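**Q** Quick one: the structure is below, questions incoming.
The values are calculated or read from the model by the stated rules, or taken from the named source; none is laboratory data. These numbers were taken from a predicted model, which means no experiment stands behind them. Positions of Cβ are generated from backbone atoms using ideal geometry, with glycine treated the same way; all protein chains shown enter the neighbour counts.
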Protein chains: 2
Amino acid sequence: MTGSGEPRIEIIGVKGIGLVKEGDDLAKLIVEALERQGETLRDGDIVVIAQVVVSKAEGRVVKLSEVKPSPYARMLAERLGKEAEMVELILREAEEILRMRNGHLITRTRHGFVCANSAVDLSNVSGGDAAALLPLDVDRSAEHIRRRLRKLTGRRVAVIISDTFGRPFRMGQVNVALGVAGMEPIHDRRGEKDLYGRTLQVKEIAVADELASAAELVMGEADEGIPVAIIRGYRFKASRKPKGKVLIRPRDKDLFL
Amino acid sequence: MTGSGEPRIEIIGVKGIGLVKEGDDLAKLIVEALERQGETLRDGDIVVIAQVVVSKAEGRVVKLSEVKPSPYARMLAERLGKEAEMVELILREAEEILRMRNGHLITRTRHGFVCANSAVDLSNVSGGDAAALLPLDVDRSAEHIRRRLRKLTGRRVAVIISDTFGRPFRMGQVNVALGVAGMEPIHDRRGEKDLYGRTLQVKEIAVADELASAAELVMGEADEGIPVAIIRGYRFKASRKPKGKVLIRPRDKDLFL
């Protein structure tokens, strides 16, 4: 908030993280990169981190040439016009195949995320022969980084691990929040009144997804390599438990399906 | 961009727009409210406006007590536990009913948007007896406001008219872009290379939706009444034609359905 009282939020891209590899201390890399920008974390900051660098730091990277596709993966790969090794990884990461069409596989991952190719990622992974898989437990990854940032800086921040997903009904992809630590991912406005005293129709805002999308606006330049953004000035509701999972809609509560 | 070279985006809530009514010059109200905050528009700013105030300025508000529900609307209303007048409006605004369950109607609006209740809005409309309907042509509304802002300030800005939609697979609602003027809603990255020289997997980012979501972070406080946000520092690709429509995914291109 500024002196004049209007809400003001800042999104700061964090450059110079460099190429992340297994075992790297991502929290430390972020703090150091911020320092080189003349910035430091503040209480209440939200640190949004692209999933791919978290996966790399956690060693969730697989060499495609070392993957042995099953006969089923080979058959599917041929039908879809994809690499058999890639299809094998997608199947391993999937709890369920939802759609299979035009060379695309839409799956529900073991975490419950519905996305293309089980979020197996070939971009920004070294060499062209490697694929990054989602962290095994994205909330735990977010909480781990949050605690580490607290230890390194003393600051109470929230951490969001984000990825870029397609979605039904609308063109293009947007960043969403997979892992969330330190904050409530949903702003529950049930019972609040509108400008005229009427109870609000819109009740639950997925603010963690909106924060992930906002962060993408500075992260989106691949050639600059900006895997992290700091969002400053948004007053979130703190949470002790990591809970990105609450953003996954249970099938029986999905009015759109 | 700051001196140190990292991308930095600012989201500024615009307070004090007041209660908008039919015939109001929304562009003028925005410019005046900004002035009272000690701000002025700059070239390259993105002005995100909540749909409900655009609808009100355009007179797209209906008194529920003056709506005559059809027998079909009455029957549906009873089945869904909704007001018959509200169901009548939802049906009038709908091109197609997609789902009907647990008191909810998911429709495709005449514009092509898939959302709850044809986006008919009872919140923040006067008196409790009124409902706001979407503007007839949201892109045209956005373009109209963009031109008017240009005339009033001389600035070249982009305008996004946003609304809060639920979505499949994920809990909570997020702001999306309905009307878009002055900028390309999708950042087409096909052909770009990643950090390792591999062609990017993620190809088309719905930046207008991400901007709408970012704006919601300051607009989301109903009691403060912030229907407009300025986003500064995001370098969009200019477009001469309004084209929020390109964000609507044609059914035959929807891999998720």
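**Q** Please determine whether any residue of the range A:199-207 is within 9 Å of chain B (Cβ to nearest Cβ), free of Cβ contacts under 8 Å to residues at least 12 places away in the same chain and not hydroxyl-bearing (Ser, Thr, Tyr).
**A** Quick first cut of the range A:199-207, residues within 9 Å of chain B (Cβ to nearest Cβ) only: A:199-207.
If we keep only those that are free of Cβ contacts under 8 Å to residues at least 12 places away in the same chain too, we end up with A:199-201.
Filter once more, so that each one left must be not hydroxyl-bearing (Ser, Thr, Tyr): A:200-201.
Yes, that holds for at least one residue.
**Q** Looking at B:ARG92, B:ARG60, B:ARG74, which is the one that is at pLDDT 95 or above, away from chain A (no Cβ under 14 Å) and closer than 30 Å to B:MET183 by Cα? Before the answer, list the steps.
**A** Working: B:ARG92 fails: closer than 30 Å to B:MET183 by Cα; B:ARG74 fails: closer than 30 Å to B:MET183 by Cα.
The match here is B:ARG60.
**Q** When you look at B:ARG99, is it over 25 Å from B:GLY220 (Cα atoms), of a type in the set (Lys, Arg) and modelled with pLDDT of 95 or more, yes or no?
**A** Details: over 25 Å from B:GLY220 (Cα atoms): yes; of a type in the set (Lys, Arg): yes; modelled with pLDDT of 95 or more: no.
Considered against the rule, which asks whether it is over 25 Å from B:GLY220 (Cα atoms), of a type in the set (Lys, Arg) and modelled with pLDDT of 95 or more, B:ARG99 comes out as no.
**Q** State all residues of the range B:223-250 that are over 15 Å from the mean Cα position of the chain (by Cα), facing chain A (nearest Cβ under 9 Å) and farther than 18 Å from A:ALA116 by Cβ; if no residue qualifies, say none. It would help to see each step written out before you state the result.
**A** Just the residues of the range B:223-250 that are over 15 Å from the mean Cα position of the chain (by Cα), to begin with: B:223-225, B:232-241, B:249-250.
Then keep just the ones that are facing chain A (nearest Cβ under 9 Å); that gives B:223-225, B:233-234, B:249-250.
Across the range B:223-250, the qualifying residues are B:ASP223, B:GLU224, B:GLY225, B:GLY233, B:TYR234.
**Q** Please determine, by comparing only the residues of the range A:158-176 that are surrounded by fewer than 24 Cβ atoms within 10 Å (Cβ to Cβ), closer than 26 Å to A:ILE230 by Cβ and without any contact (Cβ under 8 Å) to a residue 40 or more places away in the chain, which one is farthest from the other protein chains (Cβ to nearest Cβ).
**A** Per the criteria, the residue is A:ARG167.
**Q** Next up: Being assigned by TED's automatic domain parsing to the domain that holds B:ARG232 and under 27 Å from B:LYS237 (Cα atoms) is the requirement here; does B:ARG42 meet it? Before you say what the answer is, go through the steps one by one.
**A** Details: assigned by TED's automatic domain parsing to the domain that holds B:ARG232: yes; under 27 Å from B:LYS237 (Cα atoms): yes.
For B:ARG42, the condition - assigned by TED's automatic domain parsing to the domain that holds B:ARG232 and under 27 Å from B:LYS237 (Cα atoms) - is met.
**Q** Condition check: in contact (Cβ under 8 Å) with a residue 24 or more places away in the chain and touching a Gly at 6+ places or on another chain (Cβ under 7 Å). Does B:ARG8 satisfy that? First the steps, then the outcome.
**A** Values: in contact (Cβ under 8 Å) with a residue 24 or more places away in the chain: yes; touching a Gly at 6+ places or on another chain (Cβ under 7 Å): yes.
So B:ARG8 passes the test.
**Q** Right, something else. Quick one: which residue in A:ASP209, A:ASP254 is under 30 Å from B:ARG190 (Cα atoms) and of a type in the set (Asp, Glu)? If you could, list the steps in order and put the result at the bottom.
**A** Numbers: A:ASP254 fails: under 30 Å from B:ARG190 (Cα atoms).
The unique qualifying residue is A:ASP209.
**Q** Among the listed residues A:ALA119, A:ALA77, A:ALA84, which satisfies the condition of being touching a residue at least 24 places away in the same chain (Cβ under 8 Å) and not assigned by TED's automatic domain parsing to the domain that holds A:LEU152?
**A** Values: A:ALA77 fails: touching a residue at least 24 places away in the same chain (Cβ under 8 Å); A:ALA84 fails: touching a residue at least 24 places away in the same chain (Cβ under 8 Å).
From the options A:ALA119, A:ALA77, A:ALA84, the qualifying one is A:ALA119.
**Q** Output the residues belonging to the range B:15-26 that are among the aliphatic types (A, V, I, L, M) and at pLDDT below 95.
**A** If the condition is that a residue be among the aliphatic types (A, V, I, L, M) and at pLDDT below 95, then B:ILE17, B:LEU19, B:VAL20 are the ones that fit.
**Q** Also: Can we say B:VAL47 is out of contact with any Gly (no Cβ under 6 Å at 6 or more places or on another chain) and in the same structural domain as B:VAL14 (by TED's automatic domain parsing)?
**A** Numbers: out of contact with any Gly (no Cβ under 6 Å at 6 or more places or on another chain): yes; in the same structural domain as B:VAL14 (by TED's automatic domain parsing): yes.
So B:VAL47 fits the description; yes.
**Q** More than 25 Å from A:ALA238 (Cα to Cα), at pLDDT below 95, of a type outside the set (Val, Ile, Thr) and crowded, with 19+ Cβ neighbours inside 10 Å: does that describe A:LEU105?
**A** Details: more than 25 Å from A:ALA238 (Cα to Cα): yes; at pLDDT below 95: yes; of a type outside the set (Val, Ile, Thr): yes; crowded, with 19+ Cβ neighbours inside 10 Å: yes.
Here the answer is yes, as A:LEU105 does meet what is asked.
**Q** Taking the range B:26-41 on its own, how many of its residues are surrounded by 14 or more Cβ atoms within 10 Å (Cβ to Cβ) and touching a helix residue (DSSP H, G or I) at 6+ places or on another chain (Cβ under 8 Å)? Talk me through it step by step, then tell me what you get.
**A** Within the range B:26-41, the first condition is being surrounded by 14 or more Cβ atoms within 10 Å (Cβ to Cβ), and the residues that meet it are B:26-27, B:29-34, B:37, B:39, B:41.
From what's left, touching a helix residue (DSSP H, G or I) at 6+ places or on another chain (Cβ under 8 Å): B:26-27, B:30-31, B:41.
Number satisfying all stated conditions: 5.
**Q** List, please: which pairs have Cβ atoms under 7 Å, are six or more places apart or on different chains, and start with a residue in the range A:47-65 that is touching a residue at least 40 places away in the same chain (Cβ under 8 Å) and surrounded by 23 or more Cβ atoms within 10 Å (Cβ to Cβ) and end with one that is in a helix (DSSP H, G or I) and hydroxyl-bearing (Ser, Thr, Tyr)?
**A** What qualifies is A:VAL54/A:SER141.
**Q** Kindly establish whether A:GLU216 is acidic (Asp, Glu), surrounded by fewer than 24 Cβ atoms within 10 Å (Cβ to Cβ) and at negative phi.
**A** On the way: acidic (Asp, Glu): yes; surrounded by fewer than 24 Cβ atoms within 10 Å (Cβ to Cβ): no; at negative phi: yes.
Criteria not met by A:GLU216.
**Q** Within the range A:62-87, how many residues are under 14 Å from A:LEU122 (Cα atoms) and not hydrophobic (A, V, I, L, M, F, W, C)?
**A** Looking only at that region, the number is 5.
**Q** Looking at the structure I just gave you, is B:ARG155 of a type in the set (D, E, K, R), on the phi < 0 side of the Ramachandran plot, touching a residue at least 12 places away in the same chain (Cβ under 8 Å) and assigned by TED's automatic domain parsing to the domain that holds B:ILE230?
**A** yes
**Q** Looking at this structure, is B:ILE230 in contact with a strand residue (DSSP E or B) (Cβ under 8 Å, 6 or more places away or on another chain), of a type in the set (Val, Ile, Thr) and at pLDDT 95 or above? Before you say what the answer is, go through the steps one by one.
**A** Numbers: in contact with a strand residue (DSSP E or B) (Cβ under 8 Å, 6 or more places away or on another chain): yes; of a type in the set (Val, Ile, Thr): yes; at pLDDT 95 or above: yes.
Yes; evaluated as a whole, the condition is true for this residue.
**Q** Oh, and also: If you go through the range B:177-192 one residue at a time, how many are hydrophobic (A, V, I, L, M, F, W, C), within 7 Å of another protein chain (Cβ to nearest Cβ) and in contact with a Lys or Arg (Cβ under 8 Å, 6 or more places away or on another chain)? Spell out the reasoning first.
**A** We begin by selecting, within the range B:177-192, every residue hydrophobic (A, V, I, L, M, F, W, C); these are B:177-178, B:180-181, B:183, B:186.
This time we only want the ones that are within 7 Å of another protein chain (Cβ to nearest Cβ), so: B:186.
Filter once more, so that each one left must be in contact with a Lys or Arg (Cβ under 8 Å, 6 or more places away or on another chain): none.
Adding up the residues that qualify gives 0.
**Q** Among the residues of the range A:24-61, what is the count of those that are closer than 15 Å to A:THR153 by Cα and of a type in the set (A, V, I, L, M, F, W, C)?
**A** 10
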